[in-house]
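Quick note: the coordinates plus some simple rules give every number you see, no bench work behind them. Everything numeric here is computed off the predicted structure, so don't read it as measured data. So basically every Cβ, Gly included, is an ideal-geometry build from the backbone, and we count neighbours across all protein chains shown.
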Amino acid sequence: MNALSIPCIPLFIFIVATSLFAPHLRAEVNKVEQVAPGVYFHEGDIGRKGHCNNGWIVFDDYVLVIDGNFPSGAQEVIPKIKTATDKPIRFAFDTHHHGDHAYGNQVWLENGATPVAHAGVLEEMKKYETGHFGGKAGRWEDTAKNRKDVAASKLKPPTLLFNKDLIFDDGRHRVELLHFGVAHTHGDGFAWLPKERILFTGDACVNGPYNFMGDGDSGEWVKTLEAARKLQPKVICPGHGPMGGPEVLVDQRNYFIALRDGVKTWKDAGKSPADVKAAINDLKEKIRKDDKIARYIGGSFNAHVEKVWTELGGEAFPK
Ligand SMILES: [Zn+2]
């Protein structure tokens, strides 16, 4: 098992520690919040369960759920959806391919819902879920070693795919599933509710120290967040962390810009990987001084720096 294979697990200890000092970040975990009539948000318990956030929209004839979660995350949320409505759950939208957003697909399917995603999610699964596609053990098998819920289920890739957008509209509610390009992964999808100006972002935008950068590209990520910002959302429902206003999207983008600017300065100055590794804390403290983006610093900060450094053509850091 390596750190890249289970994006959320390396954050576990840090997040538990962080929550002791910043209880407001965790205040709404596992609680259903109505964002607008027929629109719900549920902040998952990432600290203890590794769960992602979920959302759901109650249409006249069915329920569309945002994010597949882990199997145990789906099992946590399904009774809560059924308490809120008796409409059948018909679609579960994976915002991307990671386990905490897509491994619950089989559970959704058993509850009547078809997994939906951007076509890039299936491509990413073909790349990383080699066990499912007839090759050597991949991420699912790695994760199953440490998660009973995954071991007891099976990978179900999304079967309803879109390239640019997919629209659900019954006249009362409209949800547009959109893809703006590479960000957290190569298949990130957003769910946009133009009437209420609510944006569900998956992990392309999180609210707290939850960024995993290993499967994405930080330069493209900044552009994708700018495209999302142009929708002018009023409410951001992130992939992890509490719901917020449009500032969450701005802060997430500014964190990556600050990170990239810092690393680029070192690259332009001709620093060696060892020099950069030694200087990481300076950049961390500089970013920490900016109140608006300090909350994005977490246990993965060194990995964030190294990812940007290698994207800019630098060699991996010495061990
Ligand atoms: Zn993710």
**OP:** Provide the gained length on full extension for the span K136 to A269, in nm with one decimal, where the gain is 0.36 nm per separating residue minus the Cα-Cα distance.
**Re:** 43.7 nm
Subject >> P(r) tail fraction, the chain - alpha-carbon pairs more than 38 Å apart, % >> reply: 10 percent
Original post:
Taking the Cα-to-Cβ direction at K80 and at D290 and moving 7 Å from each Cα, how far apart do the two end points lie in nm?
Top reply: 3.2 nm
Original post:
What spacing in nm lies between the two simple spin-label points modelled at E176 and N281, each 7 Å away from Cα in the Cβ direction?
Top reply: 4.8 nm
**OP:** Round to the nearest 0.05 the FRET efficiency obtained for D61 and K145 when R0 = 51 Å and r is the Cβ-Cβ distance.
**Re:** 0.80
**OP:** Please report how many Lys pairs in the stretch 222-319 have alpha carbons closer than 18 angstrom, counting only residues at least 8 apart along the chain or sitting on separate chains.
**Re:** 20
Original post:
What is the spin-label model distance, in nm, from E123 to K319 if the labels are put 7 Å beyond Cα along the C-beta direction?
Top reply: 3.3 nm
**OP:** Could you order peptides 136-145, 180-189, 104-113, 310-319 by the average number of other Cβ atoms within 10 Å of their residues, highest first?
**Re:** 180-189, 104-113, 136-145, 310-319
Subject >> Farthest positive-ward along the chain dipole, Cα basis, beta-carbon charges - from N163, V276, H101 >> reply: V276
Original post:
How big is the antiparallel share of DSSP beta bridges in the chain, given as a percent to the nearest 5?
Top reply: 60 percent
Original post:
How long are the semi-axes of the ellipsoid equivalent to the stretch 174-319, from square roots of 5 times the Cα gyration tensor eigenvalues, in whole Å, largest first?
Top reply: 29, 15, 11
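As a check on your grasp of the helix formula, calculate [θ] at 222 nm for the chain: sum -39500 (n - 2.57) over DSSP H runs of n ≥ 4, divide by the residue count, round to the nearest 500.
Numbers: 12 runs with 119 residues, N = 319.
Dividing the helical sum by the residues of the chain leaves -11000 deg cm²/dmol.
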Subject >> Length added when fully stretched, V32-E226, from 0.36 nm per residue minus Cα-Cα >> reply: 66.9 nm
Original post:
Over the stretch 236-276, how many percent of alpha carbon pairs lie in each 5 Å bin up to the one with the longest distance?
Top reply: 6, 20, 19, 14, 11, 10, 11, 8, 0
